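J.: Just passing along the structure, written as structure tokens.
Every number in this text was worked out from the coordinates using simple rules, so none of it is lab data. Note that the structure is predicted; figures quoted are calculated from it, not measured. Here the Cβ positions follow ideal geometry from the backbone for every residue, glycine too, while neighbour counts run over all protein chains shown.
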Amino acid sequence: MGEIITTDEFSDWFCGLGDDQAKAIVHVVEILRLKGTTLGHPYSSAIKGSRYPFRELRSQRYASALRVIYAYSPEQNAVLLIAGDKAGNPRFYQEIIPKAERIWKQYLKERTEELRRSRIAEPPRRR
């Protein structure tokens, strides 16, 4: 399976969680790491309303409404973009999807720049 990559936005959110919530998220991320792209319901499902193929991780512990929005990179790494608690927020997806799209576009841009720099840094091969 691929790697798990976290964004600054996800990491900042995760650092603010209480112990039980953090354990619940670690548990579901570990399941994602083990199952990869085959992970499905009840832990993961597709997100509707985005122009990107986002998915959400759902914690099944402590009757949690915590959601982690993620996407797969071209290398099939799961990139944890942003997360939040949807409990009591009927506009949760309308609010979080635009943020996730912005973060994903920035991630892809930075990844493309890194690939370009690494190609420039490599010496030409002799034939």
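J.: Would you tally the net charge around residue 72, using a Cβ to Cβ cut-off of less than 12 Å, leaving residue 72 out, and scoring K and R as +1, D and E as -1?
T.: Result for the neighbourhood of residue 72: -1.
J.: Same structure, new question: Which log10 I(q)/I(0) values does the stretch 4-121 give at q = 0.13, 0.19 Å⁻¹ under the Debye formula, counting every alpha carbon as one identical point scatterer?
T.: Log10 I(q)/I(0), no solvent term: -0.50, -1.03.
J.: Among 91, 102, 61, which one shows the highest mean-square fluctuation when the chain is modelled as a Gaussian network with alpha-carbon springs under 10 Å?
T.: Looking only at 91, 102, 61, the largest GNM fluctuation is found for 91.
J.: Springs between alpha-carbon atoms under 10 Å, Gaussian network over the chain: tell me which of 113, 30, 101 tops the mean-square fluctuations.
T.: Between 113, 30, 101, it is 113 that shows the largest mean-square fluctuation.
J.: While we're on this one: So what is the relative contact order of the chain, in percent, for Cα pairs below 8 Å that sit 6 or more residues apart?
T.: 24 percent
J.: Ranked by Cβ crowding within 10 angstrom, fewest neighbours first, how are 107, 93, 70 ordered?
T.: Ascending number of Cβ neighbours within 10 Å: 107, 93, 70.
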